[in-house]
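Novice: Following this message is one structure expressed as structure tokens.
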Amino acid sequence: MNAFYHETVVDVRHWTESLFSFTTTRDPGFRFQNGQFTMLGLEVDGRPLLRAYSMASANHESFLEFFSIKVPDGPLTSRLQHIGRGDAIVVGRKATGTLIVDNLLPGSRLLLLSTGTGLAPFASVIKDPDVYERFETIVLVHGCREISELSYGERLIKDLRKDELFGPLLEDKLHYYPTVTREPFRNRGRITDLITSEKLFNDCGLPPLDGATDRVMLCGSPAMLTDLRAIFEQRGFVEGSHSAPGQFVIEKAFVER
Ligand code: A2P
């Protein structure tokens, strides 16, 4: 178990019947870049049962936060959804992942496009003061089927707007665009359609997509990633990586339905 830290659950919040988030203690030695993920889980019969989880907390924070779905009959999440304060959690020592600003070329607008729990890495990214230094405008889109699934993100933004440091940064730079597909809401539609129709930019009062200055991070369901990748590649965006930064980066939201 040397590859792992043993942390303790500090708080658990259930957002819907299928979504919850939790915070844990953080070993001071655990280093990560905002947007990265690690392996996380429970010790079951003396063995770690793990899945990849993005940190939803930022690397300057003293605790760790994670945002998860409850997969019916999922080996880990069927157990993890019952954790409570004081319970033990196993956290991998090695953080990794592509959704980091260093994998993007310099630009002026950062589009963070997510569905479902794909929001998690962006919860970390928007709590990174360096991101507000690098980009003039940040657009955070969170697409879900139903309004109730937006609640974690709505709360995150509400809290950040009240924060002494981040309140003014959000006011100046961040456009938060929650959208749902299966019930009436002020913003409706799939992210793919919102991009191709330019409705996203029109609704935010922003200029249209521009490969010269826009940088994009994508995280969510595999189908959404496939379709958005095609849309951006058609427009000449090149995928970035650790070895060669580009105009967009992709990661799937890990624990699936
Ligand atoms: P829709 O309700 O039209 O399927 P899921 O819960 O299945 O992961 O979906 C989360 C959100 O992602 C839903 O709003 C869903 O819309 C949307 N979505 C699913 N597939 C795609 C896709 N290929 N492109 C864009 N959005 C998608």
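The values are calculated or read from the model by the stated rules, or taken from the named source; none is laboratory data. It should be emphasised that the depicted structure is a prediction, and the values quoted were computed from it without experimental measurement. Cβ coordinates were reconstructed from backbone atoms using ideal geometry, including for glycine residues, and neighbour counts include every protein chain displayed. Remember, those area values only see protein heavy atoms, side chains included, never the ligands or the DNA or RNA. Shrake-Rupley method; radii C 1.70, N 1.55, O 1.52, S 1.80 Å.
Novice: Which pairs have Cβ atoms under 8 Å, sit 6 or more apart or on different chains, and link a residue in region 199-211 that is of a type in the set (Lys, Arg) to one that is assigned to a helix (DSSP H, G or I)?
Specialist: Close Cβ pairs (under 8 Å, with a partner that is assigned to a helix (DSSP H, G or I)) amount to 199/193.
Novice: Somewhere in region 32-41, is a residue surrounded by fewer than 20 Cβ atoms within 10 Å (Cβ to Cβ) and over 16 Å from the mean Cα position of the chain (by Cα)?
Specialist: Scanning region 32-41, I find no residue that is surrounded by fewer than 20 Cβ atoms within 10 Å (Cβ to Cβ) and over 16 Å from the mean Cα position of the chain (by Cα), so the answer is no.
Novice: Within region 62-96, track down each residue that is hydroxyl-bearing (Ser, Thr, Tyr) and at pLDDT below 95.
Specialist: 77, 78
Novice: May I pose another question? Scan region 163-207 for residues that are of a type in the set (D, E, K, R), in a loop (DSSP other than H, G, I, E, B) and within 19 Å of residue 126 (Cα to Cα) and jot them down.
Specialist: 163, 164 - these are the residues of region 163-207 that are of a type in the set (D, E, K, R), in a loop (DSSP other than H, G, I, E, B) and within 19 Å of residue 126 (Cα to Cα).
Novice: Just one of 140, 150, 156, 160 is within 12 Å of the ligand (Cβ to nearest atom), within 18 Å of residue 124 (Cα to Cα), surrounded by 16 or more Cβ atoms within 10 Å (Cβ to Cβ) and hydrophobic (A, V, I, L, M, F, W, C); which is it? Reasoning before the result, please.
Specialist: Numbers: 140 fails: within 12 Å of the ligand (Cβ to nearest atom); 156 fails: within 12 Å of the ligand (Cβ to nearest atom); 160 fails: within 12 Å of the ligand (Cβ to nearest atom).
The conditions single out 150.
Novice: Name the one entry in 140, 112 that is within 21 Å of residue 244 (Cα to Cα) and assigned to a strand (DSSP E or B).
Specialist: 112
Novice: I'm trying to understand the selection: among the residues of region 79-102, which are open to solvent by less than 10 Å² (accessible area, probe 1.4 Å) and under 13 Å from residue 27 (Cβ atoms)?
Specialist: 89, 90, 91, 92, listed by residue number.
Novice: For residue 189, state whether it is within 16 Å of the ligand (Cβ to nearest atom), within 17 Å of residue 66 (Cα to Cα), open to solvent by 10 Å² or more (accessible area, probe 1.4 Å) and among the small types (Gly, Ala, Ser).
Specialist: Working: within 16 Å of the ligand (Cβ to nearest atom): yes; within 17 Å of residue 66 (Cα to Cα): no; open to solvent by 10 Å² or more (accessible area, probe 1.4 Å): yes; among the small types (Gly, Ala, Ser): yes.
Judged against the criteria, residue 189 is not a match.
Novice: Give the residue, chosen from 236, 211, that is assigned to a loop (DSSP other than H, G, I, E, B) and either open to solvent by 50 Å² or more (accessible area, probe 1.4 Å) or out of contact with any Phe, Trp or Tyr (no Cβ under 7 Å at 6 or more places or on another chain) (or both).
Specialist: Residue meeting the stated conditions: 236.
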